[in-house]
Structure formats: C-alpha cells, structure tokens
Amino acid sequence: MASPDQAAEEARREYERLRADNVQLKQQLDAMRGLAFRDQLTGLFSRHYLTDYLEQEIARASREESIVLALCDIDDFKLINDVRGHQAGDVAIVCIADILDDLAGGHPVIRWGGEELLVVLFSTPDDEALRLCDQMREEVAAYRVDDGIGEFSCTLTFGLSAYDPGLTFNENFACVDRALYHSKETGKNRCVFAQSGPTE
Amino acid sequence: MRSDDIIVRVMLKPNCGLENTRAALVVRRVEPLCDSVSCHPRTVKRDPNTISYLRDHGLFIRFTAPQPEQVLLAIRGAFFVDCCDLVDDPDDIPPLAVPDGIVDGGAGALDPLPAFADRDARTKRDDELTDLLARFEETGRALRAHAESLPRDRVLNDISFSHAQAVDELRTVTARSRIEPFDRIASSLRQLADDYGRRFGIAVDLRIAAGHLALDRAVLASMEEILKRAVRSCIRDGIEKPEERLAAGKPARATLGIRVENDGSDVVCRIEHDGWPFNPMIVGEIARERGLLARPFETYSDEELGAFLLLPRFVESKSGNHGDALAEFNEIGSMLQHIGGHGEVRNTERGTLEIALSFPVPFTVLEVALLRTGESRFALPAQQILRFEAFRVERVAPELDDPAAGTTWYVSETDEQYVLLNAGEECGVFATESPRYIILLDALGEKRALAVDAIGGYERVSVNRLPALLDRRAAREAGCIGYAVLADGSPCAVMSLRRLLQGSRGNGGRHA
C-alpha cells in the first residue's frame, strides 16, 4: 500500500499531466477553430470567427489591455469589378488580404464583408495602431496587383477606434464604422482615428 | 549558384485557386528579409499559365538573407502555403514549358507573352459593336425624318423618340465598355524608363500621377505609344548622366514625372523632368531660318518658341548638336497631330522642362468631389484636392492681403498659406452662403483654397463635353471642363482648378 507521501506525489503528477493535456487540447482547438473559421478566398478569418469566438475574447481582454479596432475598405472596388471584371476583383482582395495579414504580425484580420476587412489590434496603443494601419495603407497602395491582363493598384481607407470595455462590441463597431465613413467622406486612401467624446 | 544561396520549394494548399497570385505574394513577404531573391517561374505574378506548374511542382524561391530561418518562417506563415522544403540540387528544378516551346530554365529572363490574341479579339468585338451602333443610328435618323414628315402621328413620334433615347443609351454603354484605367499602361512605362535608364546610363525615377483616370482604350493605346516615345526622348536626350548632374549641383537621380489630367474635351499628359531645359535661342534660330517667325524674334516668349518644337517637320534633319533631340520632338508632334492632338514644350519656373501633350477624348472617367457653394452644385477632380479642413473665418488672413493684387489668403491648420479663390463680393458661382469647409487645392504647382457650403462626397463620373447650345467659351473661362450625370441622375458641371487659373490669367486676373 502506498504511503500518503507517495499518493500525494502521484496525485500531483496526475494533475500536471491533465494540465499539460488541457493546454495541448486548447491549442489544438484554437488551431482547428482557426482552420474552420477561415474565408476561402483570402485565407483571413471569417465573420463567424469574430461573432462566435473573438467577440468574447475581445471583451475579456479589453478589461486588461488596450485594443484598437481598425476597419478598412478597398476604395472604388466596384469600379475594379466593373472595369476589369470579377476575377480582377478577387485577385485584388487576395493581394490586399495577404499584405494586411503579413503586416498585422499575428493580430487577427477578419474579412468583415465583401471588400471590408477588420483588424483587431490587441495590446496596441492608439498611436502605434495608427502607424501600423498607415503602413498597411502605404504598402497596399504601392503594390502593383496583376490580374493577368495588366497591372493596377488599389488604395485602402481606414477607420480606427479604441475599444471601450464599457460598450458592447456592436457599439464599439459602430464607432469604428463611423470613423471609416468619415475617412471616406474626407478623401479616401487615409486613416482616421475616431475622436473621443460625443460622436458626430 | 553562390554558396550562400538557399533554394526552397514552396507547395501551396491544393485547390486554393489563384495560385500564381498567391505565389507572388509569398515572394513579396520574403523580399524585405532578403538581400537578394528570385523565383521560378519568374512570371508567376502576371502569368496565370504558371498555375499548373505551381500545382505540380511548386514555387522555387532562391534567396540570400542574413537570417534564413526568418525567411523560412515568413514563408510558412502564409496561410496558403502547405509546405516548404529545401532544394539541394538546382538541376532538380523542372523547367517551365511555355506555349511556343521556349523553356524558362530559371536562369534566363523570360518576358511574358503579350496577349495579342485577346487584344485582337477585343478590337474585333469593338468594331462589330461600333458598326451595329452606326446602323442603329442610321435607322434612327430615317425614322426621325419619317416621323417629322408626319407630325400628327403621335404614336410614330413617340416611337421615334424612344428609339433615339435607346440609341443614346447604347452609345453611352458602348463608350463605357471601351473605358480602361490609365494605370494599365503605367507599368509598361515604368519598365521602359528602367530599361532606357540602364541603357543610356541615366539614373531616373519615374513618377506617374493619373488620379485613377480612365479613358477610351483606343485613345489609351495611342497615348501609350506617344508617351513611350516621349519618355525615351527625355531619358536619352534630355537628362544628364549622374556625374554631370552632381557636377551641376543636382541630385544624381533625375526625376521624370507624368501627370495626367482631364481638361474637358482633352486629356493632357504633362511630362516634366529636371534635366536640361530647351534652348529658346536655338529653336528661335531654326524658326528664323525656316521663315516661320511672323514677327521679330525678340518679341517671342519662351512658351511660343517651345510650341515650335512639336511642329511636325520643324527640324528637317538630325544635324547639329541638338538634332536628335529636336527631331524626336518633331516625331512626337507628328504622332500627336495624326490623332488630332496638340502639345507644347516649356521651361518652367522651377527650372524643369515640361512637355504638355493633349489627346482628344470622347469622354473620360474620373473621380470627383461633389461640392456646393450657395445655389451652385459642381464637381472638382479629386486629383486636384489636397485635403479638406473645417472652415474657420479667423484663418482668412487679412494681414496678408495684398490690395494691389486683390489677393486674400487662407492659412491652413498646418500653417501653410493658400490663395483664397472665393473671397470678397464678386465670386460668381463660387459665392458661399455660410461656408463650412475649406478645400485645399493644388494645380499648376500653385496652392489655392476654396470655401464651400457643403461636400456631397466623392463619385466616379464620366465627364462629357458641354452641349453645343451653351456658351462654351464662357464656361471654359469659368473653369468648367464638361458635365457629368451623377448617380442620382442629376447633371452636374465639372470644374477644373487648372482651367480656372488659366481662364483667370487670360482675363487679366479675374476669374469666374
């Protein structure tokens, strides 16, 4: 019969093993979730990933760290589709998505709508978020998209907003959407940070 | 292969689609991390024919980098990359077979095959459509003539009217289907500038500002040919070699700019470089020898002499020190005249040479901002707008007023001074009620500000010529370059700051 010390040691080992298994399962779950919630064309996270998983994660993390939502829209995307065809539109989205994903450096990039992409910048101060989005904007504008017929370039307009933990996700999203609208209204191909205080 | 070169084979996820685009993006990801990088097939970005190769064999990337591990990590970080492994023997890389039997072995350059077949088919379709439209118009004219001879037959007149409307719409749709963005030719111009720069030992940066302008593809094709000729001429004959530039106190790299703007019934391409200006004395001398001067040489301005340069056959032979350069200008002028265009050459106040080439166009598509001042609603090309700011009356700077010139200034939030276009009482269509925004503009290298009551956002519009019934001259002097029908169906005048400034100069400083 095992002594009490041996039993305690056995229980501790069992606990450690379960904890390690749990971490591994969680990682696997994250990986599976990552694969399941992907947009087929761009490889970015889909909107379902945001609504089914990331929203809670953002709400939890926003109590401890600063989070910035950055919503961007491809300028004149309809024109690309109309003038060059839908294949060119697809190529453009794929290129832009990849550039954003590359520069986002691990921050999730979500295909929010047709040509709207959302970047969730965890643990990022406002000025750093603005700098990063501006870099994304410049990089996209400089990249020559080639649809097999010829080259063209696209520009992005960004609206940014600091995530307010006192508001719901939808309310926060409305802020960033307003910032994007304002950004579009005042000239496109630019980044505008939502002003704090009363909304316009 | 150098000893520190690394070659990796990148396989993309099966059936991911657009493999060539995704492969090009993998290369883009690693470029900043590498000292040198190349890929096989070389033409992945522009050639969808490489897709089958990429599916079968993968993309091969050769690179040298201070931290190769970081490059491998970046490759594996791309979502559509399935796996990535090192290639030990470059001879194992399968060649890419292209349709005409040429093999891209990876070492030699392989230019993309131009899509002549596609272009020919498109031209044929265009011709068929144009013929069909001409037949419709002919039928319409016959129908209208018949309807006019029977004015009491209201049904016939209604049918004739509907037919005319349908033909109008068909004409517009046909014209729009022929529209292509200027950016289509931008890449080939850049390539050309690089090639000629290398060939003639000239360090040059080509900057193109087209403001997302789109125009008829036939015009674009003519424009491409002429612009290529002009770019070659500028690089070969107009710009000094780096050592000469340094000796002259200029930066070693020259700047060659192409700015494309809508100017009503024309699209104007302004090619500007900071190389040698043209010598008005030489041009004047040639003009005198050819008997082209209508008044004493001394009375000619540099601009007027510059206009001679693009006259076809102005220089008869490539003789003399400047023969080649002048003959090139003549060639460009001849090509331009052939398509109904015109141009001028001038030395700018900035010490640069500007060649302005005007191409006639049926209509162009461009991005405009919709503005309102008082009762007037009009559109301004987005290309001319630097930015918007909220209008602050205290920023209208009376201390900078120059009563002699009648100039009022507006000081922007960044403390830059702009001439306010609509200050004072007599502002015509630009008279405001209670201005809320100030628009900061740039044209002809000059800064102007325009106060407006409202901004209706941006819209891409096709700019049409003004109807013949209007007084086009007065409209032009007021800065109007045409009209557009907006998304909501309403017509709107399209103004141009450049035209406005030119008009005001022609009127001794008055505008609008």
How far apart, in nm, are two points set 7 Å out from the Cα along the Cα-to-Cβ line at residue B:246 and at residue B:292?
3.8
How large is the helix-only mean residue ellipticity at 222 nm for chain A, computed as the sum of -39500 (n - 2.57) over DSSP H runs with n ≥ 4, divided by its residue count, in deg cm²/dmol to the nearest 500?
-17000 deg cm²/dmol
Note, residue B:485: beta-carbon cut-off 15 Å, +1 each Lys/Arg, -1 each Asp/Glu, net +1
Please grab the % of Cα pairs in chain B that end up more than 41 Å from each other.
40
Please give the peptides B:479-490, A:99-110 ranked by average Cβ packing (other Cβ atoms within 10 Å per residue), highest first, as a rough proxy for protection.
A:99-110, B:479-490
Tell me, what is the 1.4 Å probe accessible area of residue B:131, in Å² to the nearest 10?
100
Quickly rank B:373-381, A:5-13 as a protection proxy: mean count of other C-beta atoms within 10 Å, highest first.
B:373-381, A:5-13
Other chains' Cβ within 10 Å of A:186-193 residues: what's the mean?
3
Taking the alpha-carbon centre of each part, the distance from the range B:259-277 to the range B:132-198 in Å is 28
Which value in nm describes the separation of the simple spin-label points at residue B:436 and residue B:36, placed 7 Å from the Cα toward the beta carbon?
5.9
Within 10 Å of each Cβ in B:47-58, the average number of Cβ atoms from other chains
1
Only helices counted: for chain B, with every DSSP H run of 4 or more residues adding -39500 (n - 2.57) and the sum spread over all residues, [θ] at 222 nm is -11000 deg cm²/dmol
Burial order of peptide ranges B:175-187, B:266-278 (average beta-carbon count within 10 Å, highest first):
B:266-278, B:175-187
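Please give the charge dipole size of the range B:255-310, origin at the Cα centre, charges +1 on K and R Cβ atoms and -1 on D and E Cβ atoms. Round to the nearest 20 debye.
180
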Percent carbon-and-sulfur accessible area, chain B, ignoring ligands, DNA and RNA, probe 1.4 Å:
51
Averaging sequence separations of C-alpha pairs under 8 Å and six or more residues apart, then dividing by the length of chain B, give the relative contact order as a whole percent.
9
With label points set 7 Å from each Cα along the Cα-to-Cβ direction at residue B:76 and residue A:141, the distance between them in nm comes to 3.6
Measuring from the longest principal axis of the C-alpha atoms of chain B, the long axis of helix B:217-233 (C-alpha) lies at a number of degrees, nearest 10, equal to 70
Per-residue mean of C-beta atoms belonging to partner chains within 10 Å, peptide A:147-158:
5
Between residue A:122 and residue A:33, what length in nm is gained on full extension when 0.36 nm per residue of separation is reduced by their alpha carbon distance?
30.2 nm
Note down the magnitude of the dipole of the protein assembly as shown about its Cα centre, charges +1 on Lys and Arg C-beta and -1 on Asp and Glu C-beta and zero elsewhere, to the nearest 20 debye.
1580
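The values are calculated or read from the model by the stated rules, or taken from the named source; none is laboratory data. What you see is a predicted model, and the numbers here were worked out from it, not measured in a lab. Here the Cβ is made from the backbone with ideal geometry for all residues, glycine too, and neighbour counts use every protein chain on show. Side chains are part of the model used for accessible areas, which takes the heavy atoms of the whole protein and leaves out ligands, DNA and RNA. Shrake-Rupley method; radii C 1.70, N 1.55, O 1.52, S 1.80 Å.
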